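The values are calculated or read from the model by the stated rules, or taken from the named source; none is laboratory data. Just so it is clear, the model here is predicted, and its values are computed rather than measured. Cβ atoms come from the backbone with ideal geometry, glycine included; neighbour counts cover every protein chain shown. Surface areas here come from the heavy atoms of the whole protein model, side chains and all, with no ligands, DNA or RNA. Shrake-Rupley method; radii C 1.70, N 1.55, O 1.52, S 1.80 Å.
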Amino acid sequence: MSKTVNTDPSCMDDFDPNSVRVQQALARIDETIGTIEGFESVAIRSALGRTLAMDVLSPINVPSHTNSAMDGYAVRSQDLPQSDTGTLTVVGTAFAGHPLEQAIGPGQCARIMTGAMMPEGADTVIMQEHVEREDDRVTVDARHQPGQNVRQVGEDLSVGQIVLHSGRRIIPADLGLLASLGVAEVRVMRRPRVAFFSTGDELRSIGQPLASGQIYDSNRYTLFGMLTELGVEIMDMGVIPDDREQIEQAFRYAAENADAFITTGGVSVGEADYVKETLDRLGKVDFWKIAMKPGRPLAFGEVKGAYFFGLPGNPVSSMVTFYQFVLPALKRLMGQTDVEPVRIPVRCASSLKKRAGRMEYQRGILETSEDGSMVVRSTGHQGSHILSSMSEANCFIVLPLENDGVKPGDVVEVQPFYGLI
Ligand code: AMP
Ligand code: MG
């Protein structure tokens, strides 16, 4: 777009009328992706990070018995003094796992430990620090409420209640929850198999010497990391040179052997970019110029029953497009229902350069400021080839299309890396 011939200020931005907006691309991907077929039953430890393929109903009440929340004395609320103090006789002790087989009668109480079943007749627990004990007598004052410090049957979960919903990614707390219900196995979705390869004549793998103009392939390593964290089965197909035949072969192999596949490089309109023409022959793929930075070119579609994502070659662009487009898509494929990234508004400590017209994902460091509030600052150089900016960063600073720069103190949205997956 030439600034010299156009005086319309809206043309002073980065907007390209042929570009697709991030939201449109996301919506298109979202309507195309279906959930993978196939389940398996696994022991609960193996279910960590997997997608639950059933609603888990509680087979029992949790807690299964009324029990004490404190170390103290189990008493009858009728025996609590209204004023002054009262004295009760200790008739026994209830331990966790060892109930007191004796009912508490008028004027009596029992020593009780945390988690121990409430003895019959008692309905209230007084903390041990709040009584005075002498031999088998305790003196209680008037500050106590009937029913205090007691955990009721089914207070956490009741029989038949849905504890975990289908479509949930299982986290460590869920394993404990399932164990607390005595559930040994759950049904989870099959893990999708995701293949990936890099394209480019300039790329070498670790261990090979670099001739002039050659670089090491880093995208396969970042992809390995991101896909491994996501919990899919991965198939690394290596580097494929910019050669029509080899690229076509790789596409065919990936489509036949994986549920989805990802390539990096070769989606821009360069002379060596065979990806587009190969795909036009093999499947139904859209090539988009996305109104975003970094990561403008992106290809998405279906090739012989597998979903295909063609990401740009620049190392930062490939990571950004993976997190923004591929990650939510693969989560849907895995059967997960919660695929939206977390976004948090925070104050920005840096000034950020940006022109209106493209959505930007700048790399930021989210930290606690001196006054205790969260602030984000820029990692500095934002070039799409500066992979160290991703390494240093702990969040994306997400700047909307219309934003035309950020001053220190402005509020911006960040997308933390931790919790992205
Ligand atoms: P392309 O999208 O193929 O035009 O590549 C854009 C830029 O990213 C070029 O500078 C490539 O050398 C670089 N690049 C492409 N693939 C990779 C890769 N796998 N690892 C590191 N850099 C890459
Ligand atoms: Mg290339």
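How large, in percent, is the carbon and sulfur part of the accessible surface of segment 161-221 at a probe radius of 1.4 Å? Don't skip to the answer; put the middle values down first.
Details: 1670 of 3090 Å².
Carbon with sulfur: 54 percent of the solvent-accessible area.
Counting helices only, and only those DSSP H runs with n ≥ 4, report the 222 nm mean residue ellipticity of the chain as the sum of -39,500 (n - 2.57) divided by its residues, in deg cm²/dmol to the nearest 500.
Working: 8 runs with 73 residues, N = 421.
Counting only the DSSP helices, I get -5000 deg cm²/dmol.
Just to be sure I follow the rule: in the chain, considering lysines 8 or more places apart or on different chains, how many pairs have Cα atoms under 26 Å apart?
24
If you average the C-alpha positions of segment 195-244 and of segment 65-121 separately, how far apart do those two centres end up, in angstrom?
If you average the Cα positions of each part, the centres end up 67 Å apart.
Would you mind getting the Kirkwood hydrodynamic radius of the chain from its Cα pairs, rounded to one decimal in Å? The partial results should precede the final answer.
Details: mean 1/r = 0.0384 Å⁻¹.
Answer for the chain: a Kirkwood hydrodynamic radius of 26.1 Å.
In terms of the ratio Rg/(2.2 N^0.38 Å) built on C-alpha atoms, what value belongs to segment 1-145? If you can, show how the numbers build up before the last one.
Numbers: Rg = 32.9 Å, N = 145, 2.2 N^0.38 = 14.6 Å.
Computed over Cα atoms of segment 1-145, the ratio equals 2.25.
Any idea of the accessible area per residue across segment 11-79, 1.4 Å probe, to the nearest Å²? Before the final figure, lay out the partial values.
Details: 3520 Å² over 69 residues.
Counting only protein heavy atoms, the per-residue value for segment 11-79 is 51 Å².
Quick one: 3J(HN,Hα) in Hz for segment 196-206, Karplus 6.51/-1.76/1.60 with θ = phi - 60°, rounded, Gly and Pro as x.
8, 8, 9, 10, x, 5, 7, 8, 10, 9, 3
For a quick check: with amide H placed at 1.01 Å from N, whose amide H comes under 5 Å from ASP201's, ignoring anything fewer than 5 positions away on the same chain?
When sequence neighbours closer than 5 places are left aside, the close amide H contacts are ASP242.
Which one, GLY160, LEU175, PRO106, projects farthest toward the positive side of the charge dipole computed for the chain from Cβ point charges (K/R +1, D/E -1)?
LEU175
Once all Cα-Cα distances of segment 285-421 are split into 10 Å bins that start at 0, what whole-number percent is in each one?
Calculated P(r), rounded to whole percents: 12, 40, 34, 12, 2, 0.
Of GLY372, PRO408, VAL346, which is farthest along the charge dipole of segment 344-416 in the positive direction, counting Lys and Arg as +1 and Asp and Glu as -1 at C-beta?
Comparing the listed Cα positions along the dipole, PRO408 ranks first.
Take the alpha carbon atoms of segment 67-151, find their radius of gyration, then divide it by 2.2 N^0.38 Å using N residues; give the quotient.
Working: Rg = 11.1 Å, N = 85, 2.2 N^0.38 = 11.9 Å.
Segment 67-151 yields a ratio of 0.93.
Report Rg(Cα)/(2.2 N^0.38 Å) for segment 344-416, keeping two decimals.
Details: Rg = 11.5 Å, N = 73, 2.2 N^0.38 = 11.2 Å.
Normalised by 2.2 N^0.38 Å, the Cα Rg of segment 344-416 equals 1.02.
Calculate what fraction, in whole %, of the accessible area of segment 319-421 sits on carbon and sulfur atoms when a 1.4 Å probe is rolled over the protein chains. Walk me through the intermediate numbers first.
Working: 2430 of 4670 Å².
Heavy-atom surface of segment 319-421 belonging to carbon and sulfur, 1.4 Å probe: 52 percent.
Along each of its three principal axes, how wide is the spread of alpha-carbon positions in segment 307-376, in whole angstrom units, largest first?
In descending order, the Cα extents are 47, 29, 22 Å.
Enumerate the calculated ³J(HN,Hα) couplings along segment 141-158 in order (Karplus 6.51 cos²θ - 1.76 cosθ + 1.60, θ = phi - 60°), each rounded to whole Hz, writing x wherever the residue is Gly or Pro.
Karplus-based 3J(HN,Hα) across segment 141-158 equals 9, 9, 8, 9, 9, x, x, 5, 6, 10, 9, 7, 3, x, 5, 7, 9, 10 Hz.
Pull up all non-local amide H partners of ALA116: gap of 5 or more, or a different chain, and H-to-H distance under 5 Å with H placed in the peptide plane.
Under 5 Å from the amide H of ALA116: SER68, ALA96.
Find which of THR124, VAL188, VAL138 sits farthest along the positive direction of the dipole of segment 117-204, computed with +1 on the beta-carbon of Lys and Arg, -1 on that of Asp and Glu, about the Cα centre.
Final value for the positive-end residue is VAL188.
Just to check I understand the Karplus step: with θ = phi - 60° and J = 6.51 cos²θ - 1.76 cosθ + 1.60, what whole-Hz values come out for segment 289-299, glycine and proline as x?
Those phi angles translate into 9, 8, 6, 8, 8, x, x, 4, x, 8, 10 Hz.
Using modelled backbone amide H atoms (1.01 Å from N, in-plane), which distant-in-sequence or interchain residues come within less than 5 Å of LEU57's amide H?
VAL163
Work out the FRET efficiency for LEU210 and ASP371 from their Cβ-Cβ distance, taking R0 = 45 Å, and round it to the nearest 0.05.
Details: r = 48 Å, r/R0 = 1.07.
Computed FRET efficiency for LEU210 and ASP371: 0.40.
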